[in-house]
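Written below as structure tokens is the structure these notes are about.
The values are calculated or read from the model by the stated rules, or taken from the named source; none is laboratory data. The structure presented is a predicted model; accordingly, all values stated were derived computationally and were not measured. Ideal geometry is used to build each Cβ from the backbone, glycine not excepted, and the neighbour counts take in all protein chains shown.
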Amino acid sequence: MAIGIGFYQSRSFKDKVMKIESRYFFTDQNGQEVNAYQKALYARGGRTYLVGWILIFLISLFLNGDFNENFNFYKFAHALVKEIIADLAIFTKLTETGDDWRTWELLGFANLAYLMFIRRKSTAMNSFFKRRAHEEIKS
């Protein structure tokens, strides 16, 4: 199920490579200052990513047993706000205690599937993740 959600989330993925002016300049052969551009990779998940996120949220509510006779709109809104805050500030999600391993499993597999599918879909995204994280300095 999680792999299907990850695939669905990647369907409307789009990326764009843009050149952004940096604050660094170099001098060309004619003695003119030339701005050194840096490439930036922008990604957009789109509507399918949001729908997938909502599906993961609803499934995690179901897996954790939150849908019961005491479940109402207030509890739903509270859980939704809590989840949005946890996604925006990851440290809050990491400090939670409880037995919600099924949610972590669902999130993990959906995110891995999403990453795998966008890497296959976009050569720019694939090369971004393959890039080395450090530079070697030769002396």
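Some notes on this structure:
- Where a residue in segment 47-68 is touching a residue at least 12 places away in the same chain (Cβ under 8 Å) and its partner, wherever it lies, is in a helix (DSSP H, G or I) and among the polar types (S, T, N, Q), with Cβ under 6 Å and at least six apart: THR48/GLN9; TYR49/GLN9; GLY52/GLN9; SER60/THR103
- Helices (runs of 4 or more DSSP H) enclosed by segment 5-112 - at least 2 residues per element that are within 29 Å of SER127 (Cα to Cα) and not hydrophobic (A, V, I, L, M, F, W, C): 47-63
- Residue list for segment 82-139, filter: at pLDDT below 75 and among the basic types (Lys, Arg): LYS93, ARG131, ARG132, LYS138
- Among the residues listed as ILE54, ILE90, ILE118, the single one being hydrophobic (A, V, I, L, M, F, W, C), surrounded by fewer than 10 Cβ atoms within 10 Å (Cβ to Cβ) and closer than 24 Å to ILE3 by Cβ: ILE90
- Residues in segment 1-58 that are of a type in the set (D, E, K, R) and in contact with a helix residue (DSSP H, G or I) (Cβ under 6 Å, 6 or more places away or on another chain): ARG11, ASP15.
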